[in-house]
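The structure under discussion appears below in the form of structure tokens.
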Amino acid sequence: MNDDSDPTERGLATEAVHAGGPERAPGSPVVRPVVHSSTYFWSDPGDGAEPIYTRLGNNPNQRSVAAKVAALEGTEDALALASGMAAIAMTILSAASRGDHVVASRSLYGATHLLLKEELPRRGISATLVDPHDADAWAAATTPRTRVVLLELPTNPTLRVFDLGPPRRAARSVGALLAADVTFATPVNLRAAEHGVDAVLHSATKYLGGHSDLIAGVVAGSAELVAGVAAKMKLYGASIDPHAAWLLERGLRTLPTRVERHNVSAMALARWFGTVPTVRRVLHPGLPDHPDHALARALMDGFGGMVSIVLEGGAEAADTFCRSLRLASVAPSLGGVETLVSQPRHTSHADLSSGELEAAGIEPGFVRISVGLEDLRDLKADFAAAAAAAATPPP
Ligand SMILES: Cc1ncc(COP(=O)(O)O)c(C=O)c1O
């Protein structure tokens, strides 16, 4: 333990277990039960400036999970919503209206990209997409009408990392919101608010929930920001169901422990894939040959649980590899306790032409792996058998 540490500041693992927890009253449950009630008794006909009503996001489970997220992100407040997309959409809508503008990284989750390029323009909100690695592009795209600067880090599926300075300075220059979707990093590996991010966004469906059994999103930031997002959430009905909030809170208790293991296993598998003859390329920010390794070291506390590989033999080999897996599952999500494998050309990037795939760094044979918590020995055996199958040309 660092002797200079503030004794009033608790560690991340402690916050994950205890923040937002129920009051320690004798005889009361250690774990807050799911409160399935949509509405709550009033004490008087004129009771309550803000009634408790689950669409408003103030049910006990919604409140306690939000408190835990705020503690983990180190922000004043947080809010859990019905999905990652709800968190992203409500955050943008809270800051931008007709005539306003968004500057965003070109490397975004597919639905976020569609939201910016097709849905928001119908509401009079335009977006300019920039190459996130081009330090000058952020400021160049920013106008006095820019209300949100949005990025995703690390990027999917090439796991690239970039300097947060240029988007932060661009946002500050016009008083816009800097919003970052850090689903792939988690607060264990990147505490985005410490780097000047105003709206920290997650698809909590992934690592925060961690068990592939819920859909949820979160936004963390100042109380003012969260109040603005909550106002949109109430109108659009994008609040989280209490049961999903309870599951998310349960998942969050083990987040630091899970992510530490994801980090270790992904690093070990990335190194090992480098020795597999049929694997032409391995992408993981922890590898010294990753283009952003130095930046990832400086920015992040861990390199994350995602590894991407490129197989010799292209698309056909990647299909055979996926079909041959017996332990890892082929499924399009990530961040669960189980290892999940997908090919971006069949999932997140299915609409892209082969030229666009190349431009996005998704070569033929590209496979994305969300490394789970299984024994490494068993994962290696599964991947070794699949890689061997993929090396055999079909008869
Ligand atoms: C980086 C990222 N952001 C946002 C989303 C959307 O999250 P949800 O499916 O919870 O709405 C996803 C989903 O895969 C994602 O990977």
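The values are calculated or read from the model by the stated rules, or taken from the named source; none is laboratory data. Just so we're clear, the structure is a prediction, and the values are computed from it rather than from any experiment. Positions of Cβ are backbone-derived with ideal geometry, glycine not excepted, and every protein chain shown enters the neighbour counts. When the accessible area is computed, the model is the full protein with side chains, heavy atoms only, and any ligands, DNA or RNA have been set aside. Shrake-Rupley method; radii C 1.70, N 1.55, O 1.52, S 1.80 Å.
At-a-glance table
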read-out	value
The lone exception for Phe303 - which of (1) assigned to a loop (DSSP other than H, G, I, E, B); (2) open to solvent by 60 Å² or more (accessible area, probe 1.4 Å) it fails	(2)
Number of the exception - Arg323 against (1) part of a helix (DSSP H, G or I); (2) surrounded by 15 or more Cβ atoms within 10 Å (Cβ to Cβ)	(2)
Cross-chain or 6+ apart pairs with Cβ under 7 Å, the stretch 142-158 first and more than 9 Å from the ligand (Cβ to nearest atom), then modelled with pLDDT under 95 and among the β-branched types (Val, Ile, Thr)	Pro157/Ile362
Candidates Ser239, Ser212, filtered to the one that is within 15 Å of the ligand (Cβ to nearest atom), on the phi > 0 side of the Ramachandran plot and within 19 Å of the chain's Cα centre (by Cα)	Ser212
Residue list for the stretch 326-341, restricted to those being in a strand (DSSP E or B) and touching a residue at least 60 places away in the same chain (Cβ under 8 Å)	Leu340
Helices (runs of 4 or more DSSP H) contained entirely in the stretch 35-141, each with at least 2 residues that are open to solvent by less than 20 Å² (accessible area, probe 1.4 Å), in contact (Cβ under 8 Å) with a residue 60 or more places away in the chain and under 20 Å from Ala230 (Cα atoms)	60-73, 84-95
Unmet requirement for Val161, which otherwise passes all of (1) aliphatic (A, V, I, L, M); (2) touching a residue at least 60 places away in the same chain (Cβ under 8 Å); (3) under 23 Å from Val174 (Cβ atoms)	(3)
Only listed residue being modelled with pLDDT under 95 and either small (Gly, Ala, Ser) or in contact with a Gly (Cβ under 6 Å, 6 or more places away or on another chain) (or both), chosen from Gly57, Gly84, Gly74, Gly110	Gly110
Residue within the stretch 383-394 that is under 26 Å from Thr186 (Cα atoms), surrounded by fewer than 21 Cβ atoms within 10 Å (Cβ to Cβ) and not hydroxyl-bearing (Ser, Thr, Tyr) present	no
Residues of the stretch 201-218 satisfying the condition of being under 18 Å from His113 (Cα atoms) and out of contact with any Gly (no Cβ under 6 Å at 6 or more places or on another chain)	Leu201, His202
Scope the stretch 87-103; condition within 12 Å of the ligand (Cβ to nearest atom) and of a type in the set (S, T, N, Q); matching residues	Thr91
Matching residues in the stretch 361-395 - criterion: being of a type in the set (A, V, I, L, M), within 16 Å of Ala328 (Cβ to Cβ) and in a loop (DSSP other than H, G, I, E, B)	Val371, Leu373
All positions within the stretch 358-372 that are open to solvent by 50 Å² or more (accessible area, probe 1.4 Å) and in contact with a Lys or Arg (Cβ under 9 Å, 6 or more places away or on another chain)	Pro364
Considering residues of the stretch 166-183 that are within 29 Å of Leu340 (Cβ to Cβ) and touching a Ser or Thr at 6+ places or on another chain (Cβ under 8 Å) only, the residue surrounded by the fewest Cβ atoms within 10 Å (Cβ to Cβ)	Thr183
